[in-house]
1. Starting from the stretch 645-661, take each residue that is free of Cβ contacts under 8 Å to residues at least 60 places away in the same chain and in the same structural domain as Ala704 (by TED's automatic domain parsing) and list its partners that are more than 16 Å from ligand 2 (Cβ to nearest atom) and outside any loop (DSSP other than H, G, I, E, B), counting only C-beta distances under 6 angstrom and pairs at least six apart or across chains.
2. Scan the stretch 595-610 for residues that are modelled with pLDDT of 90 or more, of a type outside the set (Asp, Glu) and not in a helix (DSSP H, G or I) and jot them down.
3. Could you tell me which of the residues Arg303, Arg358 is under 30 Å from His407 (Cα atoms) and surrounded by fewer than 21 Cβ atoms within 10 Å (Cβ to Cβ)?
4. Determine which member of the set Gly677, Gly642, Gly706, Gly672 is more than 16 Å from ligand 3 (Cβ to nearest atom) and modelled with pLDDT of 85 or more.
5. Identify, from the list Val458, Val485, Val479, the residue that is under 28 Å from the mean Cα position of the chain (by Cα), part of a strand (DSSP E or B) and more than 16 Å from ligand 1 (Cβ to nearest atom).
6. Name every residue in the stretch 709-729 that is of a type in the set (Gly, Ala, Ser) and within 16 Å of ligand 3 (Cβ to nearest atom), in order of residue number.
7. Evaluate the following for Ile516: is it touching a residue at least 40 places away in the same chain (Cβ under 8 Å), over 23 Å from Leu601 (Cα atoms) and touching a Phe, Trp or Tyr at 6+ places or on another chain (Cβ under 8 Å)?
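The values are calculated or read from the model by the stated rules, or taken from the named source; none is laboratory data. Quick caveat: nothing in here was measured; it's all calculated off a predicted structure. Glycine also receives a Cβ, built like all others from the backbone with ideal geometry; neighbour counts cover every protein chain displayed.
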Amino acid sequence: MGDIEKETPSQDLFQFQPEVDSAAPDSPHQFRPEMNDFTILSVDDDEMFQNSLRLSLSGFSYRGIAPRILVASSANEAAKLLLETPSTAVLLLDIVMETDDAGLRLVRTIREVLGNSQLRIVLLTGQPGIAPMQSSLETYDISDYWLKTDLTNERLHSILTANLRTFEQIDVLNRARRGLQSIVEASNSLAKSSGFEDFSRRMIHELASLLGVSEDGIVCVRGRDQEQPPKIIGSAGRFASVLNQTLDTINDESVRDLIQHALDEQANMETAMAQVLFFPGQAVAPPAAAYIATNRRIDDTERELLRVFATNIGTGLVNVALTSQLDRIAYEDGLLEIANGNALKRGVQAALEIPPPRRRKVLFIELNQYARSCVSLGVEQGDRLLRAFAKRLAAAFPPPCMIARLHEDIFAVLGPEYLVRIEYVNRLEAGAHSPEALFFGAEAASLDLNHFTSAQTVIATGLLLLKKAGLKGTSGQLVEYDPNVEEETRRRYALSQQLYKAVLNREISVVFQPQIDLTDNRIVGAEILARWTRPDGSTIFPADFIPLAEANGLIVPLGQQILEQACSALRSMDEAGFPAVTLAVNVSPVQLGRQEFIDELIATTRRYGLSPDRLELEITETVAMDEHQHANDVLSTLRRKGFAIAIDDFGTGYSSLTKLRSFEAAMLKIDGSFIAGLGESIQNEMIVEMIIRLGERMNMRVLAEGVETEQQAEWLQSRGCMLAQGYLYAPPESFEQFLARLRNSPAKTA
Ligand code: C2E
Ligand code: CA
Ligand code: CA
């Protein structure tokens, strides 16, 4: 065959490159870096020829690289070697070996069985008569066909060079195709992501698998204002721990600088060790940079593919930003840029989906100086305080804890129980060295998610517990959720429903407990106490239902009913001939807080034709000493209108002398607990004595409650306390019994 003829088929094959098989032997999801070595396999059973071939190849190099030479002396052996070294570039194959067509059979195996379409095949024959059919050359993509005798050194070299170049081109094409395919897959994967964090994680994964490198990567976004350091929204591999931190927390300076540089220059960055892709972002999407450690230089094909991929990522980022913008509106607190109530609910819901034991807790925390701070220093200072507090929270409860602001000054922390410990709330206070607040005082309630099934209940219960903690009076209360308490709450709820009916049906009655003048044992009045007798005859005491009535507002109609019963009793006493006996009615702070209270009270006494001084209004010390102006105004108005005021449970609260003086209460009622302690505790006795002296000084009558023994009565009398109430004289009793007692009273007949 002449040179020209021989060249022609090879030229043709060059131009009409058949489809390259995509089922590459190595991972379809990555492409190899640029070829830096290559293998030539020579298959011949003629040892002499092999030797001279090797000699000729020893002087050959392609792009400065000497080939690796493999040698086989049979088709079988060659097939085995090709299996082991699938990246072999060129095969120099003798047609005639064991059999006349052993070479061609090997070609068929390579293309059809091994599925290797990239290998360049050069057929050689020793005998001019044996030529393969033109059709086999085309079918099996055989590049060259040569007579061994025509193979000069120079020719062999040019054949190899041409074939290696072809091999390389096919390789690039293959890789590009695989790469594009990967990009499509990668983009599909990105499209499934559910937010920045997820998107970033997938992005690192896809970049790493595109480049065939390990997943050491970081995705960083610019903060909303230039002053904030860029934030890491995705990280993997050796950078996994910096997730959600700022860029400056990365230890590796070169990594940090490279990312910062990309963001500053708004351009991709490349080094021998890493790639940084820059994404300019849009109105909704912040500029972002994706760093991936390659630990090698990437080649042109890879660079090209990265560019294509980056365009897809850019679009993806904008989409994710759009959705997370919506997400942010729905799930982020506008002021503090942390999670809001919705986000907490979502988080709790997800935690509740874990089967128990869940080992998750939620902490509800109320910053108790917020309102005061707003009122005295302005709303802006309040906001600054909240910001400082949120920062403090983030430090005390690190990721994976979620920190959310529910409203105003109420925060919640959701996380694993080993991190979300209620005692850590104390750390919020210590060392809060910020100009906004040197100390943070906070109430907190902790809930174990094992006791719950719905996020809604978790949040409602948490807020309720916080309220309870706040009601305890002293600040800094920490309470832990207790399922038994929950049971108790349910019981109370059921009771409050019954109470509602009872009040509506006027089933709450009153009893009367006489008040005695110790000097002559005369009855001077009585305190009216509420009693709830249920249809089954059982009695419920006020300690169990008054707080319920106060909680649901029933105390207002109930208080009115009791007042009317008192007025009606006073009328009956007038008619029975005891117009000097007074009746004391307990007034709840809820009643006192209503604007209408005084008018209603006056209207009621008028309706019964009673002068106001027949009624004594018992108000507890805590309420009477309340700082609020309203309470003060109400009390002084009541006094001006002629009602007598008794300060109940005196000694249990904190009274201010100035206040007490301005008050001009008619009576101090010493709390029963002090009377019970008489003769037992010197301190008790001192307190009682002090109250008695106080009454004398301020010109108030002093009455001792809960007097049960003669000794107590004598002690009191000897110290100058002249009024008493208690089981020693009479238990609370029905009006008939009380009236009978008045009639039999020695003082009355005397
Ligand atoms: P309080 O005003 O301090 O009433 C005195 C309580 O001491 C009454 O309990 C009375 O039965 C009890 N008591 C009387 N003598 C003795 C005694 O010698 N020893 C002992 N250990 N206890 C004695 P009660 O009736 O269960 O009332 C409890 C509380 O419920 C009252 O305390 C009062 O704060 C509230 N309350 C009762 N009735 C009403 C009402 O009509 N309206 C409002 N707002 N509160 C009421
Ligand atoms: Ca009372
Ligand atoms: Ca009392």
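1. Gly651/Ile687
2. Tyr608, Gly609, Leu610
3. When all the criteria are applied, what remains is Arg358.
4. Gly642
5. The unique qualifying residue is Val479.
6. Listed by number, the residues that qualify are Ala724, Gly726.
7. yes
Yes/no per residue for (1) outside any strand (DSSP E or B); (2) in contact (Cβ under 8 Å) with a residue 24 or more places away in the chain; (3) touching a helix residue (DSSP H, G or I) at 6+ places or on another chain (Cβ under 8 Å); (4) not assigned by TED's automatic domain parsing to the domain that holds Asp252:
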| site | (1), (2), (3), (4) |
| --- | --- |
| Ile142 | yes, yes, yes, yes |
| Thr149 | yes, no, no, yes |
| Thr161 | yes, yes, no, yes |
| Val172 | yes, yes, yes, yes |
| Ser200 | yes, yes, no, no |
